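The values are calculated or read from the model by the stated rules, or taken from the named source; none is laboratory data. Remember, it's a predicted structure, so these values are computed and weren't measured experimentally. As a convention, Cβ positions derive from the backbone with ideal geometry for all residues, glycine included, and neighbour counts pool all protein chains shown.
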Amino acid sequence: MKNSILSPLFIACFLMLGLCFNPVFSTSVMAAEKSQYKKKQTKALRAKVYEKLAKAQEKQEAGDYAQALKILDALKQRKGRSALKPHELAQLYNFYAYVYLAQDKYPQAIRSFEKVLQQPDLFIGMAASTKYALAQLYFATDNVDKAVKTLESWFNIAEKPSPDAYVLLAQGYLQQGKLDKALPKLKKAFSLAKQKGKQPKENWYTLLQYIYAEKKDYKNQVNALEVLVNRWPKKAYWLSLVGVYGELDQDKKRLYVLETAYIQGMLDKESYLVALAQMLSAYDMPYKAAKVMEKGFSDELIEESAKNLERTGDYWRRAKEIKKALPRLAQAAQLSKEGEPGIRLAYLYMNNYQYKNAAATAKKALKKGGIKRPYEARFLLGQALFHAQKYTLARKAFNQVISNTANKEAQLRLHKLANQWLNYMETEIQRQKEIKIYLKA
C-alpha cells in the first residue's frame, strides 16, 4: 500500500503553519524529545536574510528554480559576521526543500529537511512540521522504516494530532507487516473523527477491512465492508464482501450481495457469473440461474464450453423449460469428450417421448465412453430402441445388459429389470404379430 506524496504546495503551507500536536507515546519519551527544542521562536531573521529568502521565494513561484537556488546558495556561503545563524539556516534549508519539491526532486528535498532538523535550538513547531513532511517524503520514496521512525518521533513532540496522522502511521506499520501496531492507530483515527463530528474517509475503512482480513477477523471485516458498499459502492468492495460472507459460511447473504453486484453490472468475469448461477440454483431459483448463464453467453463473458452449456441446460430443465433445455444439453453432449452429458440428454428425451432422439443420443454417448453407470446407460438405450420399435437392436441392448450384469450382486436389480423388459418386449412382439394375423383374417 504505497502512500502517495502530498503536493509541494500542501507541504509548503503545512511547514509554514508550524502546527502543534498531542502526545501518544510514553510521557518520559515525549518529554525527553521535546526538551531538544525551543518552545517559542525567539529570534527573528535579520532584514537582509529575510529579503534574500523573499526574493528566492519570488523566483521559485515564478518557476525560475535555478535562480532561486542561486540566491539560496549565496546565502549559505556567507562567512564571518554575515554568516547565517542556526535559526536562519533552518529557514534556509526549508526554502531549499520548497524549491526541490516544486521540481519533484524528492531526495534533495529530503536532505534539506534533514538539515533543518540538524540545526541547534530549533523551534518545536518547526521541528514538528518538518518531521511530518519528512515522514511523508520517506513514504513517497519507499523508505518505510525511516518514515515510521520519523513519524513516531513526530508524535513525541506533537500536540492534538489529526486523525490523518494516525492513519498515516497505521499505513506505515502495515507496510512493515505489523498488524497489531497498525490496528490501534487506525481505531484511534476513527475515535478522533467521531469526537470532532467528522466522517471517516473511504481509505480508512479500506485499511481497516484489510487489517481484519489479514487477521482473519471476518466478522469485523464484514462490518467495514458493509460501510464501504453503502457509502462508496465500488465493485472491489462488493466482491470482497462476497468472499468474506463465503468465509463465514453465510451463503444466503453471499447470494444477496453477489446478485446485487450483478444487477449493478459489476460482474464481468465468468467465475463470478457461474458462481451466481450455481447459488441461485442451489436456492431453488433455476430460472434466474439459466437467465444469468444465457446473458453471460450473449455478452461473451461466459465460454460456451460443454460444462457451462450442460449447467445451463440443467437449469432450464429444472425450471421446466424443456424446449430451452434440450438445445443447450445437445450442444453440451456434442462438445463433451465423454458420454455422460449425452446420457443425461437421452434421459430427458425419453421423459419427453422423443424415443428416436433418445436412442441416437444414448448410442453416441456409449461410443464416447466415460460414463459413470454404463450398464444403466445400455439399459436406457434398450428402452429407447424398444419404444422406437427397433426391436432387433433393443433385444441386442437388453441381452448385453443381462450378460454384463450376470453374477454381479451390485447389479442384481438391473439384471432382473433387463430380463423383465426383454420378456415384456418378446411378449409385445408376439402380441403385435397376433393382432396383424387377426386383422388379415
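Things worth noting here:
- A residue that is in contact with a helix residue (DSSP H, G or I) (Cβ under 9 Å, 6 or more places away or on another chain), more than 24 Å from E310 (Cβ to Cβ) and aliphatic (A, V, I, L, M) occurs nowhere in the stretch 348-355.
- Taken over the stretch 308-328, the criterion of being farther than 16 Å from V274 by Cβ and in contact with a Lys or Arg (Cβ under 7 Å, 6 or more places away or on another chain) is satisfied by A325 alone.
- So L439, is it surrounded by fewer than 21 Cβ atoms within 10 Å (Cβ to Cβ), modelled with pLDDT of 95 or more and in a helix (DSSP H, G or I): no
- Cβ-Cβ distances below 6 Å connect the following pairs, each with a first residue in the stretch 106-120 that is in contact (Cβ under 8 Å) with a residue 12 or more places away in the chain, a second residue that is outside any helix (DSSP H, G or I), and a separation of six or more residues or different chains: Y106/T141.
- Tabulated pairs, the stretch 144-165, first part of a loop (DSSP other than H, G, I, E, B), second of a type in the set (A, V, I, L, M, F, W, C) and buried (at least 21 other Cβ atoms within 10 Å of the Cβ), C-beta under 7 angstrom, 6+ apart or interchain: A158/A128; P161/F155
- Residue that is surrounded by the most Cβ atoms within 10 Å (Cβ to Cβ), among those in the stretch 55-113 that are more than 24 Å from G125 (Cβ to Cβ) and in contact with a Lys or Arg (Cβ under 6 Å, 6 or more places away or on another chain): A68
- A359 vs. criteria touching a helix residue (DSSP H, G or I) at 6+ places or on another chain (Cβ under 8 Å), farther than 30 Å from L255 by Cβ and assigned by TED's automatic domain parsing to the domain that holds K390: yes
- For the stretch 185-199, a residue qualifies if it is surrounded by 13 or more Cβ atoms within 10 Å (Cβ to Cβ) and not small (G, A, S), and the qualifying residues are K185, L186, K187, K188, F190, L192.
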